[in-house]
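Each remark here refers to the structure printed beneath this line.
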Amino acid sequence: MIRPMAIAQEKPFYTAEQYLAVEREAETKSELFHGELYAMSGASYVHNVLTTNLAAALHAALKGGPCRVVASDLRVKDELADSYMYPDLVVVCGEPKFEDRHFDTLLNPTVLIEVLSRSTEGHDRGHKFAAFRRIPTVREVVFVAQDTPLVERFSPHESGDWLLHAAEGLAGELNLLSLGVQVSLADLYDGALVSA
């Protein structure tokens, strides 16, 4: 039996304008990297506990100051590559700058935080981390592990490299130098370490 050859279908290419027009009407969120859409999936219980714990700690520590923490529905843009992403948490210091009058795409984040999951870790550490590093206002990028108390904080060095600072174990502490804020991993992982 002769089988027809499968024809590879090209993925559609989206301009920034096309992406924003589609995204603002969509019921689900997608990110844009180099013209290609990446659908975002829902988050687990542990992911949500970690995000909420960290947002609460940052809100309390930053209250009354020039910086604000914002949850995952705010897009950030890498202007050099016309990439749009939804970090799990964003901290912006000073006056927020937006792409347009919709006020839904932030251009000047200070700290970007991702809670990693098995299904998204490769993407978060790959395309997304590369895009985060190109945003000139970003001072720290943080990755939070879900299955063990481990937080990796990256900060730019004058050499152009990004330096890794890891905190591990419940006795550890996430030290966000750009914000002057410390969060204990015991507080961050409170209620998040559930057995399978």
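The values are calculated or read from the model by the stated rules, or taken from the named source; none is laboratory data. Keep in mind the model is a prediction, meaning the values are calculated, not measured. With ideal geometry, Cβ positions are generated from the backbone for all residues, glycine too; neighbour counts draw on all protein chains shown. Surface accessibility is based on the protein's heavy atoms, side chains included, excluding ligands, DNA and RNA. Shrake-Rupley method; radii C 1.70, N 1.55, O 1.52, S 1.80 Å.
Annotations
- Scanning the stretch 39-51 for residues that are buried (at least 16 other Cβ atoms within 10 Å of the Cβ) and either in a strand (DSSP E or B) or under 14 Å from the mean Cα position of the chain (by Cα) (or both) gives Ala43, His47, Leu50, Thr51.
- Ala131, sole failed condition from (1) closer than 23 Å to Pro149 by Cα; (2) open to solvent by less than 30 Å² (accessible area, probe 1.4 Å); (3) among the small types (Gly, Ala, Ser): (1)
Here is a yes/no grid of residues against (1) surrounded by fewer than 18 Cβ atoms within 10 Å (Cβ to Cβ); (2) out of contact with any strand residue (DSSP E or B) (no Cβ under 6 Å at 6 or more places or on another chain); (3) under 20 Å from Val46 (Cβ atoms); (4) hydroxyl-bearing (Ser, Thr, Tyr):
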site	(1), (2), (3), (4)
Glu99	yes, no, no, no
Phe103	yes, yes, no, no
Glu114	no, no, yes, no
Asp124	no, no, yes, no
Asp147	yes, yes, yes, no
Glu152	no, no, yes, no
Gly160	yes, yes, no, no
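- Per the listing Leu107, Leu50, Leu74, the residue uniquely touching a Leu at 6+ places or on another chain (Cβ under 8 Å) and at pLDDT 95 or above is Leu50.
- Search result, residues across the stretch 134-144 that are farther than 21 Å from Asp73 by Cβ and either surrounded by fewer than 16 Cβ atoms within 10 Å (Cβ to Cβ) or out of contact with any strand residue (DSSP E or B) (no Cβ under 7 Å at 6 or more places or on another chain) (or both): Arg134, Pro136
- Residues that are open to solvent by 20 Å² or more (accessible area, probe 1.4 Å), assigned to a helix (DSSP H, G or I) and either touching a residue at least 12 places away in the same chain (Cβ under 8 Å) or under 17 Å from Val142 (Cα atoms) (or both) within the stretch 52-78 comprise Thr52, Asn53, Ala55, Ala56, Ala57, His59, Ala61, listed in sequence order.
- Residue check for Leu188: under 26 Å from Gly94 (Cβ atoms), in contact (Cβ under 8 Å) with a residue 24 or more places away in the chain and exposed (fewer than 15 other Cβ atoms within 10 Å of the Cβ): no
- Among (1) hydrophobic (A, V, I, L, M, F, W, C); (2) without any contact (Cβ under 8 Å) to a residue 24 or more places away in the chain; (3) more than 19 Å from His47 (Cβ to Cβ) - the single one Val90 does not satisfy: (3)
Residues checked against (1) charged (D, E, K, R); (2) touching a His at 6+ places or on another chain (Cβ under 7 Å):
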{"position": "Pro96", "(1), (2)": "no, no"}
{"position": "Glu99", "(1), (2)": "yes, no"}
{"position": "Val144", "(1), (2)": "no, no"}
{"position": "Arg153", "(1), (2)": "yes, yes"}
{"position": "Leu163", "(1), (2)": "no, yes"}
{"position": "Leu193", "(1), (2)": "no, no"}
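- Scanning the stretch 93-116 for residues that are of a type outside the set (Asp, Glu), touching a helix residue (DSSP H, G or I) at 6+ places or on another chain (Cβ under 8 Å) and closer than 15 Å to Glu152 by Cβ yields Leu112, Ile113, Val115, Leu116.
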